[in-house]
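Report on the following structure.
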Amino acid sequence: MSTERWSRARGRPRRALYLSSPIGLGHARRDLAIAQRLRTLHPDLQIDWLAQHPVTRVLEDAGERVHPASRWLGSESAHLEAESGEHDLHVFQAIREMDEILVNNFMVFDEVVEETPYDLVIGDESWDVDYFLHENPELKRFSFAWMTDFVGWLPMPDEGARAALVTADYNAEMLEQRARYRRIRDRQIFVGNPDDVVDESFGPGLPNIREWTVDNYDFAGYVTGFEPPSAAEVARARRELGYGDRDVLCLVAVGGSGVGEPLLRRVLDAVPIARRLVPELRFLVVTGPRIDPAALPHVDGADVRGFVPDLHLRLAAADVAVVQGGLTTTMELAAARVPFLYVPLRHHFEQNIHVRHRLERYGAGRCVSYEEVSDPAWLAEAVVKEAGTEVVSRPVETGGAERVAAMLAELL
C-alpha cells in the first residue's frame, strides 16, 4: 500500500493546496466560492492557500488558512506595476520578463508539496506551477486541477510581426507540452462556456483556439463567486453607503493592482462637470488594496475608499460604473445588470481581446479607449448618458462554483 493510501486508511484528512492568481482579485473571490462548495462535498477537506498580496488580504478576511510559505513568494503584482506605463501594460512582454519570480515561486511550491502530502493541488492560472510541472513531470505527486478563464496568448495589432511570432511560439510550446504530458493536468476547467473562447488561431499552422479548447477542457460556465443580490439587499447596501433614492451613484473601480491610478484621476477630473449636468450624481471611487486613497485629490461629490471586501454589493447598488477591463468586475456588473463603461489597459491582450469578446457576447458594457476619457467633458457626458441606459444584456448564469467544485471533488 502506498504511503498516501496508508495515511488515508489511518484516518488522515484529505488535504488540498489552492493556488489563486494574484493578477486581479476576481480570482480570489471565485476561488473562495469554489472552496466553500468543495467543503460541502468533502467536509473533512483541509485547504491551505499558497498566495500573494493582495489575494492574502481577501483570504485572511474570509478566515482561510494562508500557508506560512506564502511570505517567500515573489510579487507578480509588483512586477506588473513596475512594467506598466500610463494605463498601459504590455502584459505578455511583462510576463516573459518575470522568469526570476516564476522560478522562485515554483521552488517555494515544490518545497511545500514535498513537506506536506497534498491529495489535490488546484491552480487558478498558476502559470509557474503548470509550466514547470510539464518541464519536470517527475515532480508531480498529487492530483492537479488547472483552471483558467482564457486560452491563448495573442498579439495586439500595433505590436508588429515579432510579437505575433513570439506569442505563436509560446502557444506552440504549450500545445507541445500538453500533447507530451497529458497526465500532468488531471482536470482542465474553463471558467465560462465554449462561445466565450475567442474564435482565433493559436498562430500560423496552429489549431483554432476555440476548437482546441472545446476538445481539451471541461466547461463550468461563469463563476461569479456570489449569488446575485436581491432588490432588498441592493436597497440596504445603498442605505448603508449613505445614498438616498434620488441619488445617482457612479461606482469607479480599477481592480486589485496599482496599475489603475491614472484612470481614477481622469474620472475625478470629470466629476465636477458630470455633477453640473446631473446634480444628484455622486461618485464612489474604490482604489483597491494597492493604491493609497490619500494619494488621490479630494473632489466634492466623490467618496474615495481603499479595499472593500463586498465590492460586488457596491457594484450592484450603483446606477452606472466606470471600470478597467478586467473580467471579474465587468462580469459582476453584467450579472447585476448595471450599465457601465470599461477602459481596457492599452496593450493588455486579455482585456482588449478575450474579455471584450466575452462582454460583447453578453451584450454588456460599453468599451471606451483611454484616449477618449482624456477629455473630462467627454467622459462626464458619457457617464451621464450611460446612467440612463436600459440594460438589455444577457443574464449571467449561476451555479458555476458548484459545477467546478463537483469536478474537483472527483479528484479527491
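Values computed for the structure shown
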{"read-out": "Counted residues, the stretch 201-214 - those being outside any loop (DSSP other than H, G, I, E, B) and either buried (at least 19 other Cβ atoms within 10 Å of the Cβ) or not assigned by TED's automatic domain parsing to the domain that holds I122 (or both)", "value": "3"}
{"read-out": "Residue in the stretch 168-179 that is under 21 Å from E350 (Cβ atoms) and in a loop (DSSP other than H, G, I, E, B) present", "value": "no"}
{"read-out": "Cross-chain or 6+ apart pairs with Cβ under 7 Å, the stretch 107-131 first and free of Cβ contacts under 8 Å to residues at least 40 places away in the same chain, then surrounded by fewer than 18 Cβ atoms within 10 Å (Cβ to Cβ)", "value": "D110/L139"}
{"read-out": "Failed criterion for S393 (all others in (1) in contact with a Ser or Thr (Cβ under 8 Å, 6 or more places away or on another chain); (2) surrounded by fewer than 19 Cβ atoms within 10 Å (Cβ to Cβ) hold)", "value": "(1)"}
{"read-out": "Residue ID - farthest from P376 (Cα to Cα), chosen from residues in the stretch 270-295 that are surrounded by fewer than 18 Cβ atoms within 10 Å (Cβ to Cβ) and modelled with pLDDT of 95 or more", "value": "E280"}
{"read-out": "Considering residues of the stretch 344-370 that are of a type in the set (D, E, K, R) and buried (at least 17 other Cβ atoms within 10 Å of the Cβ) only, the residue farthest from A163 (Cα to Cα)", "value": "R358"}
{"read-out": "Contacts under 8 angstrom Cβ, first residue in the stretch 287-305 being more than 24 Å from S75 (Cα to Cα), partner assigned to a loop (DSSP other than H, G, I, E, B) and among the hydrophobic types (A, V, I, L, M, F, W, C), 6 or more apart", "value": "V304/L296"}
{"read-out": "Qualifying position, being more than 21 Å from G255 (Cα to Cα) and assigned to a loop (DSSP other than H, G, I, E, B), among G74, G63", "value": "G63"}
{"read-out": "Members of the stretch 215-256 found to be outside any loop (DSSP other than H, G, I, E, B) and closer than 24 Å to I189 by Cα, listed by number", "value": "D215, N216, D218, F219"}
{"read-out": "Residue in the stretch 181-200 that is within 15 Å of H354 (Cβ to Cβ), assigned by TED's automatic domain parsing to the domain that holds R96, in contact with a Pro (Cβ under 9 Å, 6 or more places away or on another chain) and modelled with pLDDT of 95 or more present", "value": "no"}
{"read-out": "Qualifying residue in the stretch 301-323 (condition: part of a helix (DSSP H, G or I), closer than 17 Å to G260 by Cβ and in contact with a Phe, Trp or Tyr (Cβ under 8 Å, 6 or more places away or on another chain))", "value": "no"}
{"read-out": "For R246: the one exception among (1) at pLDDT below 95; (2) of a type in the set (K, R); (3) within 30 Å of I291 (Cβ to Cβ)", "value": "(3)"}
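The values are calculated or read from the model by the stated rules, or taken from the named source; none is laboratory data. Predicted model only: the values in this text are computed from it and were never measured. All Cβ positions, glycine included, derive from the backbone under ideal geometry; neighbour counts span all protein chains shown.
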